[in-house]
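Contents: one structure, followed by commentary.
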Amino acid sequence: MAKDPAWQASLDAFKKQLDTMRASDVLLPQGVRDIFTQTDMSQWTNDRRVFTFGQLDADKMIQVCRDGLLPWWPVFTGRIYAGDLEGVKKIQRAFEKDAGKSEKPNCSSALTWIVYPHTICDGFSNTINPRVIRQLLASGADANYENGKWLEFALKNLDAEGIRPFLDYGAASGTILRVMDDLQKNQKFQQLGRIQDALAHCAYVKVDADTLLEAKYVPDARGCSVFKTLFNFRSRRVHEIYETGNGAQAVMDGMPFSDYDADALKMARDQLLQLGGKPRELDERLDKPARPAFKGLQNG
């Protein structure tokens, strides 16, 4: 689609007013306040909002959002759309610290802008950055948002590096299986190969400070199964879960650390530490309540 001259004119007008302020300004210049309050955006599409506010100075837009003159989401999404990891982190830190009068954006919704190639207008397309995808998922975006609709887009459009973060943060094996079967049936072998490449690794996820999830995706005759191992360093137990992805009930087995391989436990603990967890030492004693002492009964 050709770039609408009105879109560019709006972008230029906002830039001109923002040039009159400093990023450190707490009180916004009247001209900045006026252009945000007086510009009629009621008929603007989401594409136009991302096009406009995603290209404005991030530091200055932080104060605009805190002041309630604009929602956070188009500013945040604009940096995501551009593949600007540092810009995404900067805006995220800002609204997590103080969102001001505007509502915090939904990371799951923001992620949908980079799960497939998208062009807003001539010369303005998204840059799909796997590190931005991982940042959003690590911040709470749901890999299976809207019943796997957007995961399916990712599996059908992204390369292995773009797909891997979804696997690391709980992509449903059933969705993976369905997409792989569809690609096989339609002879889209190049994309099928990208998924298989992404699957050929272990995913490690910190569930909480004491718990690590290890997931191994296994391409097989059915397309994809997943073997999950849950290491709980507080309760000193391991749970192994096998999901076939074909709708069958998962099979689970549990055991204490004392029955599990010591090297595997050490590796899992090291992984959890790398992810920011705080697992107990493997040889640390569990805190158990003292057994009450009973005195012998006296005759008499």
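The values are calculated or read from the model by the stated rules, or taken from the named source; none is laboratory data. Note that this is a predicted model, so its numbers are computed, not measured. Don't worry about glycine lacking a Cβ; one is built from the backbone with ideal geometry, like all the others, and counts go over all protein chains shown.
Before moving on, here are some points about what is shown:
- Filter pass, GLY87 being at pLDDT 95 or above and either part of a strand (DSSP E or B) or not hydrophobic (A, V, I, L, M, F, W, C) (or both): yes
- Qualifying position, being over 23 Å from LYS16 (Cα atoms) and either modelled with pLDDT under 95 or of a type in the set (S, T, N, Q) (or both), among GLN55, GLN63, GLN92: GLN92
- Complete set of residues in segment 1-47 that are surrounded by 12 or more Cβ atoms within 10 Å (Cβ to Cβ), among the small types (Gly, Ala, Ser) and within 31 Å of the chain's Cα centre (by Cα): ALA23
- Check on ALA268, in contact with a Pro (Cβ under 8 Å, 6 or more places away or on another chain), modelled with pLDDT of 80 or more and among the small types (Gly, Ala, Ser): no
- Within segment 232-274, tally of residues that are under 24 Å from the mean Cα position of the chain (by Cα), over 17 Å from GLY170 (Cα atoms) and assigned to a strand (DSSP E or B): 1
- Going through (1) farther than 18 Å from TYR81 by Cα; (2) at pLDDT 95 or above; (3) not in a helix (DSSP H, G or I) one by one, VAL205 falls short only on (2).
- Residue match in segment 102-116 (condition: outside any helix (DSSP H, G or I) and either of a type in the set (Lys, Arg) or without any contact (Cβ under 8 Å) to a residue 12 or more places away in the chain (or both)): yes
- When restricted to residues that are of a type in the set (Ser, Thr, Tyr), assigned to a helix (DSSP H, G or I) and either touching a strand residue (DSSP E or B) at 6+ places or on another chain (Cβ under 7 Å) or more than 27 Å from GLU96 (Cα to Cα) (or both), segment 134-189 contains 2.
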